[in-house]
Amino acid sequence: MFKFLINIFYFIFPKRLSEFISYLGGFRHFKISYSQSGEDLILLKYLDYKKIKKGKYLDIGAFHPRWVSNTHLLHQKGFSGYCVDLDEKRLRWFRFSRGNRVKTICGAVSNSHEEFIKVYKFKRKSPFSLIDTTSLKHAEYFESKGKSKYEIINVKNFHINDIFNKVGKVNVLNIDIEGKDFEVIKSSNLEIIDPEIILIEDNSGYFPLNELEDYFSKKNYHLISICGLTKCFAKK
């Protein structure tokens, strides 16, 4: 069946075959978790404890509607939300997969008010690159590890508070922007979206920086889980 679908799509849209195959890659195996390290299961458990059903999420650095997604299970449970990504090709798959329960915003998210920002985009046959970043340090690191070469492109930029003001109150904030996560969050006003739980990627290692914990503690959040590089903070 999988090969049959590929052949049909290739016949109709040959130029987008590799992109289509990459999208379908997230559907090849049955899973109970779609996150990189199981954080979506902890997220659902916490929301169930708080009796939050069919709420709203904001996913910054959304990447793929299913593959390594912290919000796919939320969508399955009836949540609606916003997905932000710097690649429009990736976002159209969110609209295809999640329909009218998702709104998409194309652009980079930063702590800058500049209209455009540099993005270090790694060359792939499909748009689904896990390591596109606004951090030169991260781009050079991934290139040194043989993760292919990157090109520099200018992308529409949003200050994180502009995104928050557009979206409004949410129950879940997920942010994964490859090395700039904490820097960007520190420049934000979390009260605008007032999330019950925040999932943030911390590339410093598997144990959170004291600075990261201190910041969220002052915002009345405490650490409830470490799932690989993702740290989960919930309201006290």
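The values are calculated or read from the model by the stated rules, or taken from the named source; none is laboratory data. As the structure is a computational prediction, the values presented were derived from the model and not from experiment. Counting neighbours? That spans all protein chains shown, and the Cβs are built from the backbone with ideal geometry, glycine included.
Test of understanding: among I192, I152, I198, which residue is under 22 Å from E39 (Cα atoms) and either of a type outside the set (S, T, Y) or modelled with pLDDT under 95 (or both)? Break it down stepwise before answering.
On the way: I192 fails: under 22 Å from E39 (Cα atoms); I152 fails: under 22 Å from E39 (Cα atoms).
The unique qualifying residue is I198.
Name every residue in region 167-192 that is among the β-branched types (V, I, T), under 28 Å from K51 (Cα atoms) and outside any helix (DSSP H, G or I), in order of residue number.
Once the filter is applied, which keeps residues that are among the β-branched types (V, I, T), under 28 Å from K51 (Cα atoms) and outside any helix (DSSP H, G or I), region 167-192 yields V170, V172, I175.
Contact annotation: residue pairs with Cβ atoms under 8 Å, 6 or more positions apart or on different chains, pairing a residue in region 189-216 that is under 16 Å from I177 (Cβ atoms) with a partner that is among the aliphatic types (A, V, I, L, M) and surrounded by fewer than 16 Cβ atoms within 10 Å (Cβ to Cβ), are D202/L209.
Does region 177-191 contain any residue that is surrounded by 17 or more Cβ atoms within 10 Å (Cβ to Cβ) and on the phi > 0 side of the Ramachandran plot? Steps first, please.
From region 177-191, those surrounded by 17 or more Cβ atoms within 10 Å (Cβ to Cβ) are 177-182, 184-185, 188, 190; that's our starting set.
If we keep only those that are on the phi > 0 side of the Ramachandran plot too, we end up with 178-179.
Within region 177-191 (the criterion being surrounded by 17 or more Cβ atoms within 10 Å (Cβ to Cβ) and on the phi > 0 side of the Ramachandran plot), the answer is yes, since at least one residue qualifies.
Taking region 32-122 and the helices (runs of 4 or more DSSP H) fully enclosed by it, the elements with 2 or more residues that are surrounded by 19 or more Cβ atoms within 10 Å (Cβ to Cβ) and touching a Phe, Trp or Tyr at 6+ places or on another chain (Cβ under 6 Å) are at 72-76.
If you go through region 128-169 and pick out every residue that is within 15 Å of the chain's Cα centre (by Cα) and of a type in the set (V, I, T), you end up with 5. Selection over region 152-168 of residues that are crowded, with 19+ Cβ neighbours inside 10 Å and under 20 Å from V102 (Cβ atoms) gives a count of 5. Of the residues making up region 65-121, those that are closer than 15 Å to K54 by Cβ and among the aliphatic types (A, V, I, L, M) are L73, L74, V102. Scanning region 47-62 finds no residues that are touching a His at 6+ places or on another chain (Cβ under 9 Å) and more than 23 Å from I192 (Cα to Cα).
Within region 97-122, being in contact (Cβ under 8 Å) with a residue 12 or more places away in the chain and more than 21 Å from A139 (Cα to Cα) holds for S97, R98, R101, V102, K103, T104, I105, H113, E115. Count of region 220-236 residues, restricted to those that are loosely packed, with under 15 Cβ neighbours inside 10 Å and part of a loop (DSSP other than H, G, I, E, B), is 3. Whether any residue in region 150-166 is in a loop (DSSP other than H, G, I, E, B) and among the hydroxyl-bearing types (S, T, Y) is what I want to check. For region 150-166, residues in a loop (DSSP other than H, G, I, E, B) and among the hydroxyl-bearing types (S, T, Y): absent.
Within region 43-57, the set of residues being out of contact with any Ser or Thr (no Cβ under 9 Å at 6 or more places or on another chain) and under 16 Å from I32 (Cα atoms) comprises L44, K45. On the given criteria, is L209 over 16 Å from the mean Cα position of the chain (by Cα) and modelled with pLDDT of 95 or more? Considered against the rule, which asks whether it is over 16 Å from the mean Cα position of the chain (by Cα) and modelled with pLDDT of 95 or more, L209 comes out as no.
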